[in-house]
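Visitor: The structure that follows is given in the form of structure tokens.
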């Protein structure tokens, strides 16, 4: 953002700097959207890693998370032996993820069934992403921003702009002010998501600060 021109009078009188500024601001929109996509994916990976580090009992995992893991395991086995469907299902059924009294261990939980098809961080896709680990109605848990913004709508607005830019719609522009406001909103959204995921984990296991396990 520091590369963008701060003196608006310069932008009005210098078309070359105005074009450069427009290009940088459009690039900043794309980059911020990419950062949010990465953030959402990383929270999913962190949840899975937390359960492995914590040794969470399989039976304590949200059922939706277990179903996603089990279905991915069955699909993976069938890729090698598609003609043995029942045997494949039984082999998956004997895996750790099917035993309630077993515990999570390093390498057990795979991120792919959750984040593999996640590529557009709009609110609907984000909701489906978190549902896959057992966090339902995520947007009902997100408060408005510090200036009473609807953060769900702000995320969708950011993604819509990114999509317009990515598809070559040159009429879609963004100013330095637009980007600074988006940055603030996405920062607040990230903090809220981080907190609600931590609260979700606290309900599953007796850990006051789940992220301490990563230190």
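FYI, it's all coordinate maths here, none of it is from the lab. This one's a predicted model, so the numbers in the text were calculated from it and none came from an experiment. So basically every Cβ, Gly included, is an ideal-geometry build from the backbone, and we count neighbours across all protein chains shown.
Visitor: Taking 35 Å as R0, compute the FRET efficiency from the Cβ-Cβ separation of residue 20 and residue 215 and round it to 0.05.
Guide: According to the calculation, E is roughly 0.25.
Visitor: So for the pair residue 202, residue 148, with labels modelled 7 Å out along Cα→Cβ, what separation do we get in nm?
Guide: Reported label-point gap for residue 202 and residue 148 is 2.9 nm.
Visitor: In addition: On a full-extension model of 0.36 nm per residue, what is the gain between residue 167 and residue 103, subtracting their alpha-carbon distance, rounded to one decimal in nm?
Guide: 18.4 nm
Visitor: Moving on to the next point. In bins 10 Å wide, starting from 0, what share of all Cα pairs of the stretch 19-214 does each bin hold, as a percent?
Guide: For the stretch 19-214, the pair-distance distribution reads 8, 31, 28, 19, 11, 3, 0.
Visitor: Using all alpha carbons of the stretch 120-215, what is the percent of pairwise distances in each 10 Å bin, ordered from the shortest bin to the longest?
Guide: With a bin width of 10 Å, the distribution comes to 14, 40, 30, 13, 3, 0.
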